[in-house]
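First the structure, in the form of structure tokens, and then the observations on it.
The values are calculated or read from the model by the stated rules, or taken from the named source; none is laboratory data. From a predicted model like this one, the values you see are computed outputs, not experimental measurements. No Cβ is skipped: glycine too gets one built from the backbone with ideal geometry, and neighbour counts run over all protein chains shown. Note: accessible area is taken over every heavy atom of the protein model, side chains too, but ligands, DNA and RNA are not part of it. Shrake-Rupley method; radii C 1.70, N 1.55, O 1.52, S 1.80 Å.
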Amino acid sequence: MTQVPDEHGRFGPFGGRYVPETLMNALFELENSYKQYQDDPDFQNEINYLLKQYSGRETPLYYAERLTEQLGGAKIYLKREDLNHTGAHKINNAIGQGILAKRMGKKKVIAETGAGQHGVATATVAALLGLECKVFMGEEDTKRQQLNVFRMKLLGAEVVPVMSGTRTLKDACNEALRYWVSNVQDTFYILGSATGPHPYPMMVRNFQRIIGDETRRQILESEGRLPEMLVAAVGGGSNAIGMFYPFVEDTSVQLVGVEAAGRGVDTEYHAATMTKGTKGVFQGSMSYLLQDAFGQVLPAHSISAGLDYPGIGPEHSYLKDIKRAKYYPITDKEALDALQLLSRTEGIIPALESAHAVAQVVKLAPSMTRDQVIVICLSGRGDKDVESIMAYTEGEGLV
Amino acid sequence: MTKVGLNLLDQTFETLKAEGKTALMPFITMGDPDPETTVEILLQLERAGADIVELGVPYSDPLADGPVIQRASERALVRQITIPKCLEIAQAARERGVKLPYVLFTYYNPVLQLGLESFFELVYDAGISGLIIPDLPYEESQEVLRLADQFNIKLIPLVAPTSRDRVARIVEYARGFIYCVSSVGVTGERASFHQSVDEFIKSVKEQTNLPVAVGFGISSHEQVSHFSEFCDGVVVGSAIVRKIEDTLPLLKDEATKEQGLLQIHDFVAQLKSGNS
């Protein structure tokens, strides 16, 4: 398999740099700085130190025995990214980009956020590194995730509610990009997912691959072999690509991405980019996209603010097209059921995003055998979602 | 099947150059507030002294645009204004007598979804002279440029104050004219411009024989007049789109529609009066 992306930031036909001219030199500057520091031991040491001493890595690979028993099939492990500082995998990337920003001499950082996890991670790293931080968040999401808004403010960041478009993650990304266009000379954009123009999809993947690298080492320790399957939720796809990437060459390992089907892929209310999307250019790169016949981007829907996104990272589109990874939709209801199942069997409340991955395993594990192994990327913890879960479950009479 | 012949955009710049004049280039969002009114507005723009017009295709995620054009896009999209619909409006205006060269301003994804070949056939048939795609830097534009050349439609590049060493390469692939972005930022009126913008534009002029136009943020006749001293074209976008927005209540009522159109005319004429 050839190395992706190529020098133009292409993963096969996907990726690239589709941005206003004003940003082009900033992207090249970013790419060059990243390449320069990527192999610099000093830079790596600083990141590794913070990942270990600050964020608490490595995160455990936990054998979910009771969940395994309950489903009565494959042996299920959870990669506990929820145990990171700030409660999700987002910190891996925020630390990496934050240190890169500092090395590049940038004093101001901006970020977009959906559920608020990347916003909190960026605000945290900005506080730690003494950087000025602005987080763009759809106004709709600021309501869904009030706790995270307050958390970011507590950390000294400014939260900018975005009133344009659908007032969710996609519009927060637009606004962050527009702000970057206007302030590109002194501002570093800490992009939170494996999306956007090159070099972001590559860089974010590389900062997140620690998830897969650790998993590989840990599963070899506990099982003495590689797993049959890796399962991860996909919005933009950063936790999934971080988990998948170190296993791409291991063709015996099935890679399963799980996207949000919202109220169902046959309704208008879903975020199932892989199931229902077509190729298009969106927010800086070519990838699959939810759009109408004339190229207008369609609003996405998911109970999970982090998956509520009409696009997807270009490397996922590539993995889908070369048939290396498969992507399945999971509805709001299925995710909530899985969330409750994991809470009650293992005492772990997953983030709504991660609950989508769990739900797919609920479907797949029973038909597999006891000697087969699945690893779920438990990308985040569910504390942030308790309120919206309460609202939903009360409305639906689930509890 | 390469299309040949004079391009209206080139012709207009040549004529203006011979007369020592600068092109006033209004931008409007097509279908804002509705297709019929856009035709009327195009007639007014020509009557008010516009030389070239930029036809903005509304888009759901306009990355390079500030709030004024974002709102115009949203208003137009309520009416499902697609690229084919924009071209219908442009042709309807031609039939009503508008002779201005048309430059289509569209984000890349709507173009891509039509299919590049079909897109160029449509815009060629609609009499479009130039094309601006703000999220298609030259690194990504090879195929589009090849087809644009084939259809004799000028693919106009943007250069920004941050382009620096990229300017030479960009102007090498440029057609029609060079669009200089006045300052680092998205579209929208600016009260003033950094002094360095004049030097930036002059440095671009030194690197090309093509006409050089400036845009982003220009909103008053003083600004138009200032840039006319050394630019071949001056684009006014958000200020006119805002004028249209302010006039919406008048435009929506048949009894006051003429009055609203007249206000738009007067606004553009007054921009031009600083252009003589």
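Listed values, structure above:
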quantity: Alpha-carbon centroid distance for the pair the stretch B:25-52 / the stretch A:324-399, whole angstrom; calculated: 53 Å
quantity: Residue-averaged [θ]222 nm for the protein assembly as shown, counting only DSSP H segments that reach four residues, each worth -39500 (n - 2.57); calculated: -13500 deg cm²/dmol
quantity: Theoretical gain in end-to-end length, A:Tyr49 to A:Glu132 [0.36 nm per residue, Cα-Cα removed]; calculated: 27.6 nm
quantity: Whichever aspartates and glutamates have a C-alpha closer than 15 Å to that of A:Lys35, once near sequence neighbours (fewer than 8 apart) are set aside; calculated: A:Asp6, A:Glu7
quantity: Estimated FRET transfer efficiency when R0 is 35 angstrom, pair A:Asp321-A:Thr345 (beta carbons, to 0.05); calculated: 0.45
quantity: Summed residue charge, Cβ within 13 Å of A:Lys52's Cβ, Lys/Arg positive, Asp/Glu negative; calculated: -2
quantity: Within-13-Å neighbourhood charge of B:Glu229 [Cβ basis; K, R +1; D, E -1]; calculated: 0
quantity: ³J(HN,Hα), Karplus 6.51/-1.76/1.60, whole Hz, each residue of the stretch B:20-29, x for Gly, Pro; calculated: x, 10, 10, 6, 8, 10, x, 10, 9, 8
quantity: For the stretch B:175-222: rounded, prolate or oblate by the Cα gyration tensor [a/c cutoff 1.5]; calculated: prolate
quantity: Anisotropy class of chain A from Cα gyration tensor, a/c 1.5 cut; calculated: rounded
quantity: Pairwise label distance in nanometres, A:Thr275 with A:His8, each label 7 Å out on the Cα-Cβ vector; calculated: 3.4 nm
quantity: Percent of Cα pairs exceeding the 33 Å cut-off, where the set is the protein assembly as shown; calculated: 48 percent
quantity: Antiparallel content of DSSP bridges confined to the protein assembly as shown, in %, to 5; calculated: 20 percent
quantity: Cross-link reach list, lysines versus A:Lys143, counting only Cα pairs under 24 Å and skipping chain neighbours closer than eight places; calculated: A:Lys90, A:Lys134, A:Lys153, A:Lys170, A:Lys333, A:Lys384
quantity: In order through the stretch A:167-174: 3J(HN,Hα) via Karplus (6.51 cos²θ - 1.76 cosθ + 1.60), integer Hz, x for Gly, Pro; calculated: 6, 10, 3, 4, 6, 4, 5, 4
quantity: Distance-filtered residues of the stretch B:25-63 - backbone nitrogen under 20 Å, label point 7 angstrom along B:Leu6 Cα→Cβ; calculated: B:50-53
quantity: Distance between the stretch A:218-256 and the stretch A:8-43 - C-alpha centres, whole angstrom; calculated: 26 Å
quantity: Whichever aspartates and glutamates have a C-alpha closer than 15 Å to that of B:Lys252, once near sequence neighbours (fewer than 8 apart) are set aside; calculated: B:Asp32, B:Asp34, B:Glu36, B:Glu40
quantity: List A:Lys106, A:Lys279, B:Lys272, ordered by accessible area with a 1.4 Å probe, largest first; calculated: A:Lys279, B:Lys272, A:Lys106
quantity: DSSP bridge orientation in chain A - percent antiparallel, rounded to nearest 5; calculated: 35 percent
quantity: Translational D in µm²/s for the stretch B:139-269 (Stokes-Einstein at 37 °C, 0.692 mPa s, Kirkwood Rh from C-alpha pairs); calculated: 200 µm²/s
quantity: Accessible area (Å², 1.4 Å probe, nearest 10) - B:Asp266; calculated: 80 Å²
quantity: The stretch A:126-171-the stretch A:58-83 distance, computed between alpha-carbon centres (Å); calculated: 32 Å
quantity: Long-range HN-HN contacts of A:Ser285 with modeled amide H, under 5 Å; calculated: A:Tyr18, A:Gly196
quantity: Range of Cα positions in the stretch A:247-374 per principal axis (Å), largest first; calculated: 47, 33, 23
quantity: 37 °C / 0.692 mPa s Stokes-Einstein diffusion coefficient of the stretch B:26-96, Kirkwood radius on C-alpha pairs, µm²/s; calculated: 270 µm²/s
quantity: With eigenvalues of the C-alpha gyration tensor scaled by 5 and rooted, chain B, Å; calculated: 26, 23, 18
quantity: Vicinal HN-Hα couplings computed from phi for the stretch A:279-288 (Karplus, 6.51 cos²θ - 1.76 cosθ + 1.60; Hz; Gly/Pro x); calculated: 5, x, 9, 8, 6, x, 9, 8, 6, 6
quantity: Label zone at B:Asp266 (point 7 Å along Cα-to-Cβ), backbone N below 18 Å, the stretch B:35-71; calculated: B:41, B:44-50
quantity: Rotationally averaged projected area of the stretch A:183-284 (alpha carbon convex hull; nm²); calculated: 8.8 nm²
quantity: Full-extension gain in nm, B:Arg94 to B:Gln259, via 0.36 nm per residue minus C-alpha separation; calculated: 57.1 nm
